[in-house]
Amino acid sequence: MAALSDKLADAYQNARPRYPIDWFTKLAARTGQHKLAWDVGTGNGQAAIGLAEYFEKVVATDINEAQLKRAVKHERISYHHTPKELSEDKMVALVGGDNSVDLIVAAQAVHYFDLQPFYNIAKRVLRKEGGLIAVWVYNDLVISPEVDAIMKRLVDSTFPYRTPVMNLAFDGYKTMPFPFQSIGMGSEGKPIQLDIPHKLSLKGFVGFLRSWQPAMKAKERGVELVTEDLINQFEDAWGDDDDVKDIFYKAHMIVGKLSSADIERHRKRFESNCVVTKLKDSNNSAVIASVTAAAFAGVAAYCAYSARKNT
């Protein structure tokens with residue numbers, strides 16, 4: 001996601017909806033444990049706050065410092081700036097180590113990521129048994145027939161300025177790779193559709209338009225799509241300027257877990273990296289501990305701890 005100025009970051013925060021708490025209730029109910037969640041691309045923390053209701057610790061990361069400055073503080077949430085050049089190993093260690101995360105959430109964010117490196121990290125940190133990854137995007141909003149008609153014309157006008165990344169969002173993640181096993185809450189090519197209720201003022205709506213990524217991309221190319229004339233049209237269609245409307249953002253979600261093949265691949269990775277662990281007994285002699293399939297979870301946790309300790 002492009003870096004936002006302080007002013008646009010404020011507009012972004014004011015216009016974006018709070019995700020329904022029942023989403024987090026359902027996701028938490030499907031995870032094996034509730035020790036650690038990772039909100040990746042947290043923005044100003046809308047999803048992190050929901051996760052904090054169900055998980056002992058939430059690690060929330062973002063590349064955009066302007067957003068993190070406005071993140072909602074919570075005793076169970078730790079926010080971290082993660083610049084693009086951060087290595088895979090350092091990101092894994094920052095999040096919590098291999099085989100440590102019960103739930104990964106990317107809310108309105110994953111289409112901005114370099115997907116293959118992100119999925120590699122996700123598969124490393126995700127708890128091999130009972131861990132879930134959930135991604136969602138909202139790509140449309142329903143306000144009123146009058147406002148929606150103008151909005152459709154604006155959306156259509158963004159087509160020449162959309163990046164492939166933006167098209168993933170506009171398409172509701174139907175064309176986005178998602179290499180995880182379905183748990184019945186959407187799958188690659190078939191996200192589930194959900195509504196996000198929200199209240200929005202005319203001022204908040206205009207703020208949404210000015211901080212909207214397609215409009216910002218067009219502006220970078222010298223084209224102003226959110227013109228004063230367009231804003232006047234929205235004002236006329238809105239009605240009373242002070243009217244706060246009940247609206248819906250149209251959302252699309254996919255939830256998955258590691259496949260058996262992924263778990264086996266990571267088991268072998270641990271075997272090759274931690275085949276021999278030297279422990280000291282009371283006589284200072286070395287005891288050789290071989291990694292076996294039965295001991296995978298325990299050794300994985302030990303190796304993750306060692307990696308964090310030595311980072």
Practice problem: State, to one decimal in nm, how far the label point of His81 lies from the label point of Ile183, with both points 7 Å from Cα in the Cβ direction. | Solution: 3.4 nm
Quiz item: Hey, with R₀ at 25 Å, roughly what FRET efficiency would Asp229 and Lys250 work out to, going by the Cβ-Cβ distance, to 0.05?
Solution: 0.40
Quiz item: In this model, which of Lys35/Lys57; Lys199/Lys250; Lys203/Lys250; Lys69/Lys217 are farther than 18 Å apart at the alpha-carbon?
Solution: Lys203/Lys250; Lys69/Lys217
Quiz prompt | Net lengthening on full extension, His34/Arg18 (0.36 nm per residue, minus Cα-Cα) | solution = 3.6 nm
Practice problem: Please work out the FRET efficiency for the pair Asp171 and Asp114, using the Cβ-Cβ distance as r and a Förster radius of 25 Å; give the result to the nearest 0.05. | Solution: 0.85
Practice problem: Could you calculate the FRET efficiency of Glu264 with Thr25 from 1/(1 + (r/R0)^6), where r is the beta carbon distance between them and R0 is 25 Å, rounded to 0.05? | Solution: 0.20
Quiz item: How far apart, in nm, are two points set 7 Å out from the Cα along the Cα-to-Cβ line at Lys152 and at Asp195?
Solution: 1.8 nm
Self-check item: Within-9-Å neighbourhood charge of Gly130 [Cβ basis; K, R +1; D, E -1]
Solution: +2
Practice problem: With a 1.4 Å probe and every protein chain left in place, work out the accessible area per residue of the range 13-78 in Å², rounded to a whole number. | Solution: 43 Å²
Quiz item: According to a simple spin-label model (label point 7 Å from Cα along Cα-to-Cβ), what is the distance in nm between Glu129 and Glu88?
Solution: 2.6 nm
Quiz prompt | Eligible aspartates and glutamates near Lys73 by straight Cα distance, threshold 20 Å, same-chain separation 8 or greater | solution = Asp6, Asp10, Asp39, Glu53, Glu56, Asp62, Glu65
Self-check item: 13 Å beta-carbon shell around Thr158, net charge (K/R +1, D/E -1)
Solution: +2
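The values are calculated or read from the model by the stated rules, or taken from the named source; none is laboratory data. Predicted, not measured: the structure shown is a model, and the values here were computed from it. A quick note on method: Cβ atoms are made from the backbone with ideal geometry, for glycine too, and the neighbour counts reach across all protein chains shown. The protein model used for the area step is the full one, side chains on, heavy atoms only, and it has no ligands, DNA or RNA in it. Shrake-Rupley method; radii C 1.70, N 1.55, O 1.52, S 1.80 Å.
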